[in-house]
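The values are calculated or read from the model by the stated rules, or taken from the named source; none is laboratory data. The structure displayed is predicted, hence computed values, not measured ones. Here the Cβ is made from the backbone with ideal geometry for all residues, glycine too, and neighbour counts use every protein chain on show. When the accessible area is computed, the model is the full protein with side chains, heavy atoms only, and any ligands, DNA or RNA have been set aside. Shrake-Rupley method; radii C 1.70, N 1.55, O 1.52, S 1.80 Å.
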Amino acid sequence: MSTSPEQATVVDPELATRLPELREQYAALQARGLSLDLTRGKPSAEQLDLSEPLLSLPGEGNHTSAAGTDVRNYGGLTGLPELREIFAELLGVPVEQLLAQDNASLRLMYDCVVQAMLFGVPGGEPWSATDGPITFLCPVPGYDRHFAICEELGIRMVTVPMTPDGPDAEAVAELVAEDPSVKGIWCVPTYANPDGSVVSEAVARRLVSMPTAAPDFRIFWDNAYAVHHLTEHETKSANAIDLADEAGNPDRVLMFASTSKVTFAGAGVSFLASSPANIAWFSEHLSFRSIGPDKVNQLRHALFFGDAAGVRAHMAKHRAILAPKFAAVTRILAERLGDLGVATWTDPDGGYFVSVDVVPGTASRVVELAGEAGIKLTPAGATFPYGEDPRNANIRLAPSMPPLDEVEVAMDAVATCILLAAAESA
Ligand SMILES: Cc1ncc(COP(=O)(O)O)c(C=O)c1O
């Protein structure tokens with residue numbers, strides 16, 4: 001759910017007259033000497049504590065998988081079957097099309113892009129061997145680390161707008177149809193980073209079935225927040241892998257997920273799901289990189305969860321901690337900014353972020369004002385390739401990490417900064 005993006009462009013002319021009052025408010029804010037941080041989407045210590053029992057699992061003398069293998073030893077490249085079964089159910093994919101791997105999913109995404117560059121995807125030439133640029137479509141606002149992978153590997157980025165139903169499918173279809181250098185698109189289907197939107201079934205169908213000028217085009221379907229609901233309604237992701245298969249493009253989708261925001265961030269387990277051909281492709285190259293994943297950690301996770309219902313129950317505990325923080329963000333923005341026309345914001349049903357659009361041209365000023373008042377915000381522009389938001393309007397808020405009372409203080413301060421920056425620009 002979100003407010004209309006247009007609203008933020010109609011600033012109440014009265015606002016300029018409030019400049020002295022807002023400057024006073026801001027000076028009082030600075031005088032408080034706050035030190036608060038809404039930058040990265042990290043779980044709070046309270047959330048990490050939910051998974052504390054993992055630290056004593058699997059436990060001395062308990063190192064045998066369900067199939068009887070000793071998890072302390074090498075091998076098992078595709079990951080522990082009992083863990084794969086749990087997440088195959090949650091992600092809606094066949095277990096044989098799901099790999100369980102090491103500590104985080106970003107490295108799987110990076111590896112997929114690197115492998116495609118070096119060796120090509122099944123049936124294709126190495127991307128790096130093509131004349132001219134390789135292009136990825138980047139829905140904006142989006143996840144900075146997706147963009148950083150492209151930047152690191154010299155992949156050209158072309159932005160497409162996000163809509164409440166996911167990437168603008170018309171814009172995407174047009175670009176992929178005419179430009180064979182477009183080899184990929186980033187997509188966070190469920191509770192996107194940062195706008196919380198969910199890819200609708202219709203958009204998913206369009207993305208997996210649209211004709212592409214590049215025969216080796218891939219959708220990087222980063223399902224990072226598949227089970228990270230903020231309401232009791234558990235929104236289901238469109239099943240892009242099945243839909244791609246039905247559409248006759250079985251190899252188009254590479255799906256990623258992890259337990260970084262389920263158990264321990266950066267010390268969980270990660271997953272890659274795709275067609276049998278893509279899984280064979282990835283596994284073959286993986287076999288040169290590793291003799292097998294950390295199965296001890298995988299066993300520990302399988303024992304901790306038990307089954308898919310165990311993951312869901314665990315996520316409900318996260319929700320109980322997170323939902324009040326998100327509610328505070330949207331409540332305070334509504335109370336302080338209401339219909340003044342200085343900002344619009346998302347009210348997500350899941351994920352880790354709230355995306356705020358302030359008066360165009362003022363996002364960097366808001367971040368600067370907040371910083372000078374002791375509130376760290378993600379740099380303006382971070383949600384765009386190369387850190388450049390052409391409208392200088394988008395700010396990503398991450399309320400998960402600080403305790404609720406600090407989120408409330410920080411958001412009140414952010415609202416003051418948004419108002420002051422708008423008044424300065426009026
Ligand atoms: C969309 C998205 N994908 C991936 C990640 C990182 O996941 P991992 O810790 O599994 O690398 C994040 C973290 O913020 C994210 O927002």
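What about residue 380, is it surrounded by fewer than 24 Cβ atoms within 10 Å (Cβ to Cβ), over 23 Å from the mean Cα position of the chain (by Cα) and within 19 Å of residue 196 (Cα to Cα)?
Judged against the criteria, residue 380 is not a match.
Would you check if residue 20 is under 27 Å from residue 341 (Cα atoms) and loosely packed, with under 14 Cβ neighbours inside 10 Å?
yes
When the residues of region 173-188 are filtered to those that are more than 16 Å from the ligand (Cβ to nearest atom), of a type outside the set (A, V, I, L, M, F, W, C) and under 21 Å from residue 109 (Cα atoms), which remaining residue is surrounded by the fewest Cβ atoms within 10 Å (Cβ to Cβ)?
181
Scan 115, 97, 101 and give me the residue that is more than 12 Å from the ligand (Cβ to nearest atom), assigned by TED's automatic domain parsing to the domain that holds residue 282, more than 27 Å from residue 178 (Cβ to Cβ) and open to solvent by less than 40 Å² (accessible area, probe 1.4 Å).
It is 97.
Within region 40-58, restricting attention to residues that are out of contact with any Lys or Arg (no Cβ under 9 Å at 6 or more places or on another chain) and not in a helix (DSSP H, G or I), which residue is surrounded by the most Cβ atoms within 10 Å (Cβ to Cβ)?
The extreme case among them is 51.
Among the residues of region 325-342, is any surrounded by fewer than 18 Cβ atoms within 10 Å (Cβ to Cβ), hydrophobic (A, V, I, L, M, F, W, C) and under 30 Å from residue 425 (Cβ atoms)?
Within region 325-342, one or more residues are surrounded by fewer than 18 Cβ atoms within 10 Å (Cβ to Cβ), hydrophobic (A, V, I, L, M, F, W, C) and under 30 Å from residue 425 (Cβ atoms).
Results for (1) in the same structural domain as residue 81 (by TED's automatic domain parsing); (2) open to solvent by less than 10 Å² (accessible area, probe 1.4 Å); (3) touching a residue at least 60 places away in the same chain (Cβ under 8 Å); (4) within 16 Å of the ligand (Cβ to nearest atom), shown as yes or no for each residue.
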site: 205; (1), (2), (3), (4): yes, no, no, no
site: 221; (1), (2), (3), (4): yes, yes, no, yes
site: 233; (1), (2), (3), (4): yes, no, yes, no
site: 240; (1), (2), (3), (4): yes, yes, no, yes
site: 245; (1), (2), (3), (4): yes, no, no, no
site: 249; (1), (2), (3), (4): yes, no, no, no
site: 295; (1), (2), (3), (4): yes, no, yes, no
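Just to be sure before I move on: is residue 370 under 20 Å from residue 36 (Cβ atoms) and free of Cβ contacts under 8 Å to residues at least 60 places away in the same chain in the structure I sent?
Spelling it out, residue 370 is indeed under 20 Å from residue 36 (Cβ atoms) and free of Cβ contacts under 8 Å to residues at least 60 places away in the same chain.
Each row is one residue, and each column tells you yes or no for (1) of a type in the set (Phe, Trp, Tyr); (2) within 22 Å of the chain's Cα centre (by Cα).
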{"position": "283", "(1), (2)": "no, no"}
{"position": "302", "(1), (2)": "no, no"}
{"position": "308", "(1), (2)": "no, yes"}
{"position": "313", "(1), (2)": "no, yes"}
{"position": "323", "(1), (2)": "no, yes"}
{"position": "326", "(1), (2)": "yes, yes"}
{"position": "331", "(1), (2)": "no, no"}
{"position": "334", "(1), (2)": "no, no"}
{"position": "345", "(1), (2)": "yes, yes"}
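Identify, please: which residue in region 118-127 is open to solvent by 60 Å² or more (accessible area, probe 1.4 Å) and in a loop (DSSP other than H, G, I, E, B) and is, among those, farthest from residue 179 (Cα to Cα)?
The extreme case among them is 123.
Out of 154, 124, 92, which single residue is within 25 Å of residue 293 (Cα to Cα) and away from the ligand (no atom under 16 Å from the Cβ)?
92 is the lone residue from the list that is within 25 Å of residue 293 (Cα to Cα) and away from the ligand (no atom under 16 Å from the Cβ).
So, of the residues in region 128-143 that are more than 16 Å from the ligand (Cβ to nearest atom) and in a loop (DSSP other than H, G, I, E, B), which turns out to be most open to solvent (accessible area, probe 1.4 Å)?
131
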